[in-house]
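One structure is given here, and the rest of the page talks about it.
None of the figures in this text is laboratory data; all of them are computed from the coordinates on show. The structure displayed is predicted, hence computed values, not measured ones. No Cβ is skipped: glycine too gets one built from the backbone with ideal geometry, and neighbour counts run over all protein chains shown.
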Amino acid sequence: MSTTIDTNTSDREEEQNSTLKTTFTVEEIHQLLPHRYPFALVDRIIDYVPGKRAVGIKNVTINEPFFPGHIPIRPIMPGVLLVESMAQVGGVILTQLPGMKGKFFAFAGIDKTRFRRPVVPGDRIVMEVELLSFKLNRIAKMQGKATVDDQLTVEAEMMFSLFE
């Protein structure tokens, strides 16, 4: 008895995988999300698995518009903006789902949020966001965490709702 392998199928899968986009530049992120300065908080997507997860980065500089007021003698990135940064990484995942191109998802809720370490000028934030569920093509739940130098800075569960 012999076994045959459909090489056309494996060739097609290999071709599809080789054209699969796994990174996004800031310009490409701006095509997906409506956020602009000073609220565009993701500089690059460095790893993307369709419908599952994305890893984004934010390079924090002393020139960020929030530092003069938070806190002038010891600049610290506001926690709410750390969570917003993770939400924007989640937005990239959502806009890439089938039928969701050009759609906008609003931040609808946050649970289980913990801040573990301050983020200061010069830090590079690495944000990992995973899609936990997507219901009725309208409501998404995600889990995110952000690290600086492999140290956890914030973690949260986030909810999103399709905004029409």
Worksheet item: What ranking of LEU152, LEU20, LEU41, LEU32 emerges when the number of other C-beta atoms within 10 Å of each C-beta is taken as an exposure proxy, fewest first?
Response: LEU20, LEU152, LEU32, LEU41
Item to complete: For every other residue with a beta carbon closer than 14 angstrom to the beta carbon of ILE110, add +1 if it is Lys or Arg and -1 if Asp or Glu, then tell me the sum.
Response: 0
Worksheet item: By count of other Cβ within 10 Å, fewest leading, how are VAL89, VAL83 ordered?
Response: VAL83, VAL89
Practice prompt. Work out from phi, with θ = phi - 60° and the Karplus expression 6.51 cos²θ - 1.76 cosθ + 1.60, the ³J(HN,Hα) of each residue of the stretch 85-94, listed in order in whole Hz, and give x for Gly and Pro.
Written response: 4, 5, 4, 5, 4, x, x, 4, 4, 5
Worksheet item: Roughly what would the spin-label model give for PHE39 and LEU132, points 7 Å off Cα along C-beta, in nm?
Response: 2.4 nm
Fill in: Residues of type lysines that LYS21 reaches as a straight line, Cα spacing below 17 Å, ignoring anything fewer than 8 places off in the same chain
LYS52, LYS101
Discussion item. Over the chain, with a Gaussian network built from C-alpha contacts below 10 Å, which listed residue (ASP123, ASP43, ASP150) shows the highest mean-square fluctuation?
Written reply: ASP150
Worksheet item: Expressed in nm², what is the orientationally averaged projection area of the convex hull enclosing the Cα positions of the chain?
Response: 12.8 nm²
Practice prompt. Within 10 Å of each residue's Cβ, count the other Cβ atoms and sort LEU132, LEU82, LEU33 from fewest upward.
Written response: LEU132, LEU33, LEU82
Worksheet item: If you take the charge dipole of the chain about its Cα centre, with +1 on Lys and Arg Cβ and -1 on Asp and Glu Cβ, which of ILE57, VAL154, THR22 is farthest toward its positive end?
Response: VAL154
Fill in: Within the stretch 100-121, backbone nitrogen closer than 15 Å to the virtual label 7 Å beyond the Cα of PHE66 toward Cβ
114-121
